[in-house]
1. Full-extension gain between Arg149 and Ala50, please, as 0.36 nm times their residue separation minus the C-alpha to C-alpha distance.
2. Just grab the label-to-label distance for Ala125 and Arg160, each label 7 Å out from Cα along the Cβ direction, in nm (one decimal).
3. So, counting K/R as plus one and D/E as minus one, what does the shell of residues with Cβ under 14 Å around Met295 add up to?
4. Counting only protein chains, not ligands or nucleic acids, how are His191, His260 ordered by accessible area (probe 1.4 Å), most first?
5. For the chain, report the accessible area per residue in Å² (1.4 Å probe, heavy atoms, rounded to an integer).
6. Please give, to one decimal in nm, the separation of the simple spin-label points placed at Ala212 and Asp7, each 7 Å out from Cα toward the Cβ.
7. Over its Cα atoms, what ratio of radius of gyration to 2.2 N^0.38 Å does region 134-286 give?
8. What is the ratio of the Cα radius of gyration of region 74-143 to 2.2 N^0.38 Å, where N is its residue count, to two decimals?
Amino acid sequence: MADAPPDPQIRLLRPGDDPDAQLDLSERAFGPGSAADRDQRVRSLSRLIAAGRYLGAFCDGRPAAGAAIQDMRQWWLGRPVPMAGVSSVKVAPEYRGRGIGRMLMTVLLDEIAAQGYPLSALFPATMPLYRSLGWELAGARDTVVIPARSLLRLVPPDARPPEAGTVPATGLRRAGPGDAEAVVAMLGRVHEAARDCGPITWDTDSAADWLADPGLYAYLAEDGFLAYRWQRGNQDLYAERAEAISARTARALWTQLGSHASIAERVYARTGPASAFWWLTRERDADIAHRSRWMLRVVDAPAAIAARGFPAATSLTVPLRITDEARPANAGRWRLTVAGGAGTLDPLGPDAPAGPAGSAGPVGPAVTLGARGLAALYAGAPLVTLRQAGLAAGGTAADDAALDAAFAATPYMLDAF
């Protein structure tokens, strides 16, 4: 392979830059899409450039690489944390193997920090590059499949909730682009009520683009949201959302999908590991059809801890030592405190005592984490797993138990980006 170009220019794209050159780069990297896909890419790219969230690398004035920052909120134990979703990371075929991807991602991480995001997430095509800059595996995005007929008759409740009646409808109505703000707010209500970890909500403009897709059938309920499309003609349904707060609405949404059983053979759906879906079906005929993994990066450690939700009954004080070459502001000795459902991360001097779990007295060596270990801990990986993977060291058994209780989670996403 040739050496890296001497000094590629890496900068945020400006409205005057040629969007067709960036689309050409995307098509050479990912393959061409349909005309409708291209129109959607143009709208998305223009919006990202105008917002200052699209980074490009140029060699001799030609686009060599690019990546986008998506403005998102990621829910952690029912609290929304500002999160930069990294998408469309690409390098032109003729520039691959020359280090441009790493240069681009290094600048992108700095830009994410400058724009004030405590967290970043991405779906990796390959992991070594992202791990080298502090991203680590955090959760899954599952697509389940079930015969449509299996949703015709759901398991009856053992205890009927007060709001349940004989008809499962709860004010279900069609939703379109004009309902984008209401849809985003509804999904936020669902994730807050469920104390979810991992799902994201988009900005209103992106949600409006999604809802404008003529192939998407979207419905708002009083406390839920359903969105699905037909696949393989009319043989299958694909539910992109079936999210609800109440038992009555959850049944209504899955029942509506099942009502297509006279036409559709199967229902594919994006849903989480604790979705009521798994407890509503009568037989063992639901399965995971596809799973993809996503990675998390803690960009601003104190801000990420302050924004995250924690179990209200958990109380701890644990000393941490963080190493982070890419984000030196995260590095050093810290006191992690969790109480009343909230957390703080306060700096410690090199010789300052830090209280053990649940107290304020001095302790031995702090729990030591690199950027990858911190991301995995934030996402709920147990300390025994982190130690076995070489991502954590030091501390005590009491520290491990306290951290496991505070960060316990099974993170998932419903979106890809």
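The values are calculated or read from the model by the stated rules, or taken from the named source; none is laboratory data. Quantities reported herein were computed from a predicted structural model and do not represent experimental measurements. As a convention, Cβ positions derive from the backbone with ideal geometry for all residues, glycine included, and neighbour counts pool all protein chains shown. What goes into the accessible areas is simple: the full protein's heavy atoms, side chains included, and nothing from ligands, DNA or RNA. Shrake-Rupley method; radii C 1.70, N 1.55, O 1.52, S 1.80 Å.
1. My answer for the length gained is 31.0 nm.
2. Going from the Ala125 label point to the Arg160 one covers 5.5 nm.
3. Once all neighbours under 14 Å are counted, the net charge is +4.
4. Largest accessible area first, the list is His260, His191.
5. With the other protein chains kept in place, the chain gives 44 Å² per residue.
6. So the label points at Ala212 and Asp7 sit 4.1 nm apart.
7. Cα-based Rg divided by the globular estimate yields 1.03.
8. 1.22
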